[in-house]
1. Of the residues in the range 46-76, how many are more than 15 Å from residue 11 (Cβ to Cβ) and among the hydrophobic types (A, V, I, L, M, F, W, C)?
2. Any chance you could count how many residues in the range 56-67 are polar (S, T, N, Q) and exposed (fewer than 11 other Cβ atoms within 10 Å of the Cβ)?
3. Just the residues that are without any contact (Cβ under 8 Å) to a residue 40 or more places away in the chain, within 18 Å of residue 5 (Cα to Cα) and of a type in the set (Val, Ile, Thr), please, taken from the range 35-84.
4. Report, by residue number, each residue of the range 24-45 that is outside any helix (DSSP H, G or I) and within 17 Å of residue 13 (Cβ to Cβ).
5. What are the residues in the range 53-84 that are in a helix (DSSP H, G or I) and either farther than 15 Å from residue 28 by Cα or modelled with pLDDT under 95 (or both), if any?
6. I'm trying to understand the selection: among the residues of the range 7-52, which are crowded, with 19+ Cβ neighbours inside 10 Å, within 16 Å of residue 83 (Cβ to Cβ) and either more than 12 Å from the chain's Cα centre (by Cα) or not aliphatic (A, V, I, L, M) (or both)?
7. Which one of the conditions (1) touching a strand residue (DSSP E or B) at 6+ places or on another chain (Cβ under 7 Å); (2) at pLDDT 95 or above does residue 38 fail to meet, given that it meets all the rest?
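The values are calculated or read from the model by the stated rules, or taken from the named source; none is laboratory data. Keep in mind that this is a model prediction, so the values were computed, not measured. Positions of Cβ are generated from backbone atoms using ideal geometry, with glycine treated the same way; all protein chains shown enter the neighbour counts.
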Amino acid sequence: MATYKYTPSGVCSSQFIVEVEDGIIQNIVIRGGCPGNLLGISRLVKGRSIESVISDLKGVRCGAKPTSCPDQIARCLEAILEKQ
């Protein structure tokens, strides 16, 4: 299992720590941001493939912001794919 750390930008969250094994998200810890929403997102992505989560979350916006925590998670996962 590999662990990746990512610093999102343009959102309230300050760090994502993602554990991946064979392209499947085993765990994600999200520091900062809206606790309930991000805990819910982290539970929903656990056990899913990186590609399917990127497909679902990429481009989600937070109000007038050009990005959101879900979009930043997708960007984090894209960065993980580039490293593999």
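1. Taking the range 46-76 first, the residues more than 15 Å from residue 11 (Cβ to Cβ) are 46-56.
If we keep only those that are among the hydrophobic types (A, V, I, L, M, F, W, C) as well, we get 50, 53-54.
Total satisfying the criteria: 3.
2. Step one: of the range 56-67, the residues polar (S, T, N, Q) are 67.
If we keep only those that are exposed (fewer than 11 other Cβ atoms within 10 Å of the Cβ) too, we end up with none.
Total meeting the criteria: 0.
3. 41, 45, 50, 53, 54
4. Looking only at the range 24-45, we keep the residues that are outside any helix (DSSP H, G or I), and these are 24-34.
Listed by number, the residues that qualify are 25, 27, 28, 29, 30, 31, 32, 33, 34.
5. Taking the range 53-84 first, the residues in a helix (DSSP H, G or I) are 53-57, 69-83.
Within the range 53-84, 55, 56, 81, 82, 83 qualify.
6. If the condition is that a residue be crowded, with 19+ Cβ neighbours inside 10 Å, within 16 Å of residue 83 (Cβ to Cβ) and either more than 12 Å from the chain's Cα centre (by Cα) or not aliphatic (A, V, I, L, M) (or both), then 16 is the only one that fits.
7. Of (1) touching a strand residue (DSSP E or B) at 6+ places or on another chain (Cβ under 7 Å); (2) at pLDDT 95 or above, only one is false for residue 38: (2).
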